[in-house]
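Novice: Mind looking over this structure? Questions follow.
The values are calculated or read from the model by the stated rules, or taken from the named source; none is laboratory data. The structure displayed is predicted, hence computed values, not measured ones. Here Cβ is always computed from backbone atoms with ideal geometry, including for glycine, and neighbour counts include all displayed protein chains.
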Amino acid sequence: MLGPLASLKVLDFSTLLPGPFASLLLADMGAEVLRIESPARMDLLRVLPPHDQGVSASHAYLNRNKRSLALDLKQPEALEVIKQLLQDYDIVLEQFRPGVMERLGLGYEALKAINPKLIYVSITGYGQTGPYKDRAGHDINYLALAGLASYTGRADSGPLPLGMQVADVAGGSLHGVIGLLAAVIARQQSGSGQHLDVSMTDCVFSLNAMAGAGYLACGAEPHCEDQMLNGGSFYDYYRTRDGRWLSVGSLEPVFMKQMCTALGLEELATLGLSPEPALQKKLKEALRTEFEKHDFGELCALFAELDACVEPVLSLGEAARHPQLRSRQLVTEVPRNDGSTQAQMACPLKFSDGLPEPRHIGAVLGEHTDQVLGELGYGVERIEELRRSDEEAGTSTTNSTIRPASPH
């Protein structure tokens, strides 16, 4: 089974989370992804805890099904290797700050001259243009500047760190994949590639969706806990007597009626869609009081029998074991080099023709260097010659242009 993207070949220069999550999706769907990694500057994701058998679990997941080629891009020999690869690989994914790839001789215009069909995807915090294009940033900064954090949190304590990387994943990774695949379709029609500029801040700004539409069209500036869906209504989380939480999303009257009836609050069922803050507060306080009278297990059993949009807040372990997620096969076993397997989150996309089985966890730095160079026609002597050339030039082993393969 090859997968729907088996015709795509991607050179992935990215590190950490945004680019690797994007290329993970591509690789899971069958694309051939070759990571180009610096032997001198390790991807910090490789050392991020926790570790499983000495390997970062995050790296093993985000970089599964990809090969690793170690190249020092500051060396002329490395650029020659990239140019040869471009005869066969027609997609480049990178997330350096603007101008870095150009200084390395690997900018879009330079590579386009080698392969006019090249699709070149740049994922950055602020984009290739604008006053912030060279500024450093992280997920929390992009959410802040895009306005999303201003109404996500509690009125008395302010914005909340969300715990997962919305800008990196929903902004950079998913929009990067969407744009890349759109460019592939356009290339099928025009025969030409193009450069895709993906700004995580831009993409997060578009995720404001309903709140952003309301502000731009009507001037309605959202704040923490003043919207229907951000804590300003009954739509919220409620603590149980034993300190657990349940989520309540019973927006439609039919769901609200079921929930209130189950809790003995039938008289409040009509308040769900009321725009009056005072009535929403009354409903919310009544729900808070009633939820705190019962233990988590009791409420889970009660609402399991109802279709009321009330669900428990689960830990990751509980979520992985939940019958719905288990039935959807969202946990898979991925091979290690020693023949054992590691449990990982599976690709969430379901194709009627299926997807290829996971091939291996994230590769060791440079694990496939000899293999890739061999495919380009480099013999053993030529590979060794390149290594000796580096050593004679005074380059240390860790800074070698060509790094020998090493086992997990």
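One line per residue, one yes/no per condition, for (1) under 13 Å from Met200 (Cβ atoms); (2) hydrophobic (A, V, I, L, M, F, W, C); (3) within 18 Å of the chain's Cα centre (by Cα):
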residue: Ile123; (1), (2), (3): yes, yes, yes
residue: Tyr126; (1), (2), (3): yes, no, yes
residue: Tyr142; (1), (2), (3): yes, no, yes
residue: Leu145; (1), (2), (3): yes, yes, no
residue: Ala149; (1), (2), (3): no, yes, no
residue: Arg154; (1), (2), (3): no, no, no
residue: Pro159; (1), (2), (3): no, no, no
residue: Gln165; (1), (2), (3): yes, no, yes
residue: Gly171; (1), (2), (3): yes, no, yes
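Novice: Quick one: would you say Ala182 is of a type in the set (A, V, I, L, M), free of Cβ contacts under 8 Å to residues at least 12 places away in the same chain and not in a loop (DSSP other than H, G, I, E, B)?
Specialist: The answer is yes for Ala182.
Novice: Wholly within the stretch 281-358, which strands (runs of 3 or more DSSP E) include no fewer than the required count, namely at least 3 residues that are under 27 Å from the mean Cα position of the chain (by Cα) and under 30 Å from Pro20 (Cβ atoms)?
Specialist: 331-335, 341-345
Novice: Something else: Residues to consider are Leu196, Leu207; find the one that is in contact with a strand residue (DSSP E or B) (Cβ under 9 Å, 6 or more places away or on another chain) and of a type outside the set (Gly, Ala, Ser).
Specialist: Leu196
Novice: Could you name every one of the helices (runs of 4 or more DSSP H) located completely within the stretch 47-119 that has at least 3 residues being in the same structural domain as Ile178 (by TED's automatic domain parsing), under 20 Å from the mean Cα position of the chain (by Cα) and surrounded by 16 or more Cβ atoms within 10 Å (Cβ to Cβ)?
Specialist: Once the helices (runs of 4 or more DSSP H) in the stretch 47-119 are filtered for at least 3 residues that are in the same structural domain as Ile178 (by TED's automatic domain parsing), under 20 Å from the mean Cα position of the chain (by Cα) and surrounded by 16 or more Cβ atoms within 10 Å (Cβ to Cβ), what remains is 57-62.
Novice: Tally up the residues in the stretch 228-280 that are of a type outside the set (A, V, I, L, M) and assigned to a helix (DSSP H, G or I), please.
Specialist: Residues that pass the stated criteria total 11.
Novice: Under 9 Å between Cβ atoms, which residue pairs at least 6 apart in sequence (or on different chains) link something in the stretch 348-366 that is in the same structural domain as Asp28 (by TED's automatic domain parsing) and β-branched (Val, Ile, Thr) with a partner that is part of a loop (DSSP other than H, G, I, E, B) and surrounded by fewer than 19 Cβ atoms within 10 Å (Cβ to Cβ)?
Specialist: Final answer for the pair search is Ile361/Arg336; Ile361/Asn337; Ile361/His408; Val364/Asn337; Val364/Ala405; Val364/Ser406; Val364/Pro407; Val364/His408.
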